[in-house]
Amino acid sequence: MQLVHQCSNRTDRQKVRRGEDTGDEEREKMEREVGMLFVVVCVSLQAAAAGVAKADGAQSGGSSAAGDTISHSLTVVQRLEALLLQGNGSDVSLRVETPNADEVKVIQVHSLVLSLQSPVFEEMLMSRNSSSLVLKESSDCAAVFDRFIRYLYCGELSLRLEQATALHKLATKYQVTVLQQGITQYMTQNLARDSPSGHVAGWYEYALQAGDLTLRDSCLQYMAWNLSSVLQSGEWVSISSQLLMSLLQRSDLILQSEMELFAALEAWIIQNEPDGLTAENALRAVRYAMMPPRELFRLQTQSMILARYQESVRDLLYMSYQFHSASPLSMAKYFDVNCSLFVPRNYLSPVWGSPWIISNPTRDDRSTSFQTQLGPSGHDSSKRVTWNALFSPRWLPLTMRSMYTETGAMQPTRVEGGRPRIIITPATSSAEFAGVNFQKTVLVMAQQKGKVVVKHVYNFHQSTEENGDFLAEADLYRRTSEYLIDSSLYLHIIVKPLYQTLITTKN
């Protein structure tokens, strides 16, 4: 009965306010119509309250201390939906108009319901001077406006990928905060879903405009961590120059190689024909030193875009050739190469790492070995480093265990209740490592909407224990865990060599 009392007080206040802005005849009509809706809603609430009271009364005579609950909320929702569909007791007509369109969508609604759900609607309905309310909406919002109104009555919404942005706009405009948050969550959970022309970049641009930081950051992270699939999507060539530069400047991009990124940039420039400054800035963000000399030579002789803007990147190409021909330590004596040009991204090429599929990851310790190139310089291209990687589902901190046995194999000390760890160390030490610092990156894959995507990225120098949060929230014991694919843990290890004598800050 407390809910009914609150509804009654609010309705009385609304009737007083509306009476100040309307004539006597209009006011009486409005009060009768709103009163009809008020009776229906309150009867439904009384039915729900009576059910709860009956359950509590029956329980009070029993021995259990906890009360039972009988919920009639579904009945209330069904009656409210019937009110919307049939228009019974409606007191407002919403006229949804679209610029440059002759068609007008008319929806019969009830001011009480809209006012309860949206403060914007409440203000508009209090200040109206007729039984009709004209709303100006874009064509995409007008197309889903009836779905938006139904949500206000039923608290439920069905939508498709292409409708998410328009519904988010409406929820934002009319300050329906719960719906706005729900659609943001829907969008972040469906970034990996396939769509004919792609949707992640479009959602990013919208989130940037709408000021939705959660959605913006989720979209940008997804694109950076799954860039290869984004480059192959239909929306790549239509992304904005701002988004393009945001991606090109990142060192955490995950893709096959720098050549893949250049090919995609070339396609973007050909499609969009940007101004010279935009094209030059984008081309200067490419890390040419991460390409083998033969690939650089091929680009210079075959790429029309590079030929057109070669003067803008001549210095970068010149430094890249020198970087590959001389030892990095020798270059440091004559050139300042402390820049992002010489920082590798997260390349999936076998030269820089290896995938690792761990079946039944909670069972016992696992190990694997792989080789990478010593460094990105051509001077080091023939030198290989063998790495030993050890995964344990439960073990003690590094300071409490021996890293090597007499034969050089890593031996963790496992305990119950420990957390998953990976340590990666070279099979042998070498003088060739002087001046080179190896950053290890472990990609944790997951299956979302039928597609394998990167779920987490962990960076460390020797052990994931340096992070402190490696798979901290992962439930590896549950077969349906979102961290497992077919009961296996899918990882990809990347080793990024950084010349510390050259690079003191990583861009």
Task: Boolean, PRO361 is surrounded by fewer than 19 Cβ atoms within 10 Å (Cβ to Cβ) and part of a loop (DSSP other than H, G, I, E, B) - done: no
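Working carefully through the options TYR318, TYR309, find the one that is within 36 Å of the chain's Cα centre (by Cα), aromatic (Phe, Trp, Tyr) and closer than 20 Å to CYS339 by Cβ. First the steps, then the outcome.
Details: TYR318 fails: within 36 Å of the chain's Cα centre (by Cα).
From the options TYR318, TYR309, the qualifying one is TYR309.
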Task: Count of the range 421-461 residues which are within 31 Å of the chain's Cα centre (by Cα), in a strand (DSSP E or B), within 19 Å of THR368 (Cα to Cα) and not hydroxyl-bearing (Ser, Thr, Tyr) - done: 13
- [ ] Please state which one of VAL109, VAL76 is under 37 Å from the mean Cα position of the chain (by Cα), among the hydrophobic types (A, V, I, L, M, F, W, C) and closer than 24 Å to GLN163 by Cβ.
- [x] VAL109
Open item on the list: Let me spell it out: the conditions are (1) more than 26 Å from VAL178 (Cβ to Cβ); (2) surrounded by fewer than 16 Cβ atoms within 10 Å (Cβ to Cβ), and THR98 meets all of them except one. Which number is the exception?
Closed with: (2)
- [ ] Identify all residues within the range 237-263 that are open to solvent by 10 Å² or more (accessible area, probe 1.4 Å) and in a helix (DSSP H, G or I); write none if there are none.
- [x] VAL237, SER238, SER241, GLN242, MET245, SER246, MET259, GLU260, ALA263
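Among the residues in the range 308-328, are any part of a helix (DSSP H, G or I) and touching a residue at least 60 places away in the same chain (Cβ under 8 Å)?
At the first step, the residues of the range 308-328 found to be part of a helix (DSSP H, G or I) are 308, 310-325, 328.
Retained after the next criterion (residues that are touching a residue at least 60 places away in the same chain (Cβ under 8 Å)): 328.
Yes, because at least one residue in the range 308-328 is part of a helix (DSSP H, G or I) and touching a residue at least 60 places away in the same chain (Cβ under 8 Å).
Restricting attention to the range 216-236, report how many residues are aliphatic (A, V, I, L, M) and at pLDDT 95 or above. Give the steps one after another, and end with the answer.
First, pick out the residues of the range 216-236 that are aliphatic (A, V, I, L, M): 220, 223-224, 227, 230-231.
Imposing the further condition that a residue be at pLDDT 95 or above reduces the set to 220, 223-224, 227.
Final tally of qualifying residues: 4.
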Task: Filtered residues of the range 269-307 (kept if assigned to a loop (DSSP other than H, G, I, E, B) and surrounded by 15 or more Cβ atoms within 10 Å (Cβ to Cβ)) - done: PRO274, ALA285, VAL286, ARG287, MET291, PRO292, SER303
- [ ] Look through the range 136-183, keep the residues that are surrounded by fewer than 16 Cβ atoms within 10 Å (Cβ to Cβ) and among the hydroxyl-bearing types (Ser, Thr, Tyr), and return whichever of them is nearest to LEU215 (Cα to Cα).
- [x] THR177
TODO: Considering each residue of the range 226-236, count those that are part of a helix (DSSP H, G or I) and touching a Gly at 6+ places or on another chain (Cβ under 8 Å), and give that number.
DONE: 2
TODO: Test each condition in (1) within 16 Å of VAL176 (Cβ to Cβ); (2) within 33 Å of the chain's Cα centre (by Cα); (3) surrounded by fewer than 16 Cβ atoms within 10 Å (Cβ to Cβ) for GLU123 and report the one that comes out false.
DONE: (2)
Open item on the list: Under 8 Å between Cβ atoms, which residue pairs at least 6 apart in sequence (or on different chains) link something in the range 356-373 that is over 26 Å from LYS496 (Cα atoms) with a partner that is open to solvent by 70 Å² or more (accessible area, probe 1.4 Å) and not in a strand (DSSP E or B)?
Closed with: THR362/TYR477
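For the range 186-215, name all the residues that are part of a helix (DSSP H, G or I), closer than 27 Å to ALA263 by Cβ and either open to solvent by 30 Å² or more (accessible area, probe 1.4 Å) or of a type in the set (Gly, Ala, Ser) (or both).
Taking the range 186-215 first, the residues part of a helix (DSSP H, G or I) are 186-189, 200-210, 213-215.
Next, from what is left, pick out any that are closer than 27 Å to ALA263 by Cβ: 200-205, 208.
If the condition is that a residue be part of a helix (DSSP H, G or I), closer than 27 Å to ALA263 by Cβ and either open to solvent by 30 Å² or more (accessible area, probe 1.4 Å) or of a type in the set (Gly, Ala, Ser) (or both), then ALA201, GLY202, GLU205, LEU208 are the ones that fit.
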Open item on the list: TYR458 - would you say it is closer than 21 Å to GLN221 by Cα and open to solvent by 20 Å² or more (accessible area, probe 1.4 Å)?
Closed with: no
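Examine the range 445-459 for a residue that is over 26 Å from ASP194 (Cβ atoms), free of Cβ contacts under 8 Å to residues at least 60 places away in the same chain and aliphatic (A, V, I, L, M), and state whether such a residue exists. Show your work before the answer.
Keep residues of the range 445-459 that are over 26 Å from ASP194 (Cβ atoms), which gives 458-459.
Filter again for free of Cβ contacts under 8 Å to residues at least 60 places away in the same chain, leaving 458-459.
Cutting the leftovers down to aliphatic (A, V, I, L, M) gives us none.
Checked against the condition, which is being over 26 Å from ASP194 (Cβ atoms), free of Cβ contacts under 8 Å to residues at least 60 places away in the same chain and aliphatic (A, V, I, L, M), the range 445-459 yields no hits at all.
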- [ ] Any residue in the range 417-429 that's touching a residue at least 24 places away in the same chain (Cβ under 8 Å): show its pairings with residues that are open to solvent by less than 20 Å² (accessible area, probe 1.4 Å) and among the small types (Gly, Ala, Ser) at Cβ separation under 6 Å, as long as the two are six or more apart or on different chains.
- [x] ARG421/SER392; ILE423/SER463; ILE424/ALA389
Open item on the list: Condition first: touching a residue at least 24 places away in the same chain (Cβ under 8 Å), polar (S, T, N, Q) and crowded, with 19+ Cβ neighbours inside 10 Å. Can you find one or more residues in the range 378-391 that meet it?
Closed with: no
TODO: Enumerate the pairs (first residue in the range 170-193 and at positive phi and touching a residue at least 24 places away in the same chain (Cβ under 8 Å); second residue anywhere and in a helix (DSSP H, G or I) and β-branched (Val, Ile, Thr)) with beta-carbon separation below 9 Å, excluding pairs fewer than 6 apart on the same chain, so at least 6 apart or on different chains.
DONE: GLN175/VAL120
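The values are calculated or read from the model by the stated rules, or taken from the named source; none is laboratory data. Since we're looking at a predicted model, the values are computed, not measured. No Cβ is skipped: glycine too gets one built from the backbone with ideal geometry, and neighbour counts run over all protein chains shown. Note: areas computed on protein heavy atoms with side chains; ligands, DNA, RNA excluded. Shrake-Rupley method; radii C 1.70, N 1.55, O 1.52, S 1.80 Å.
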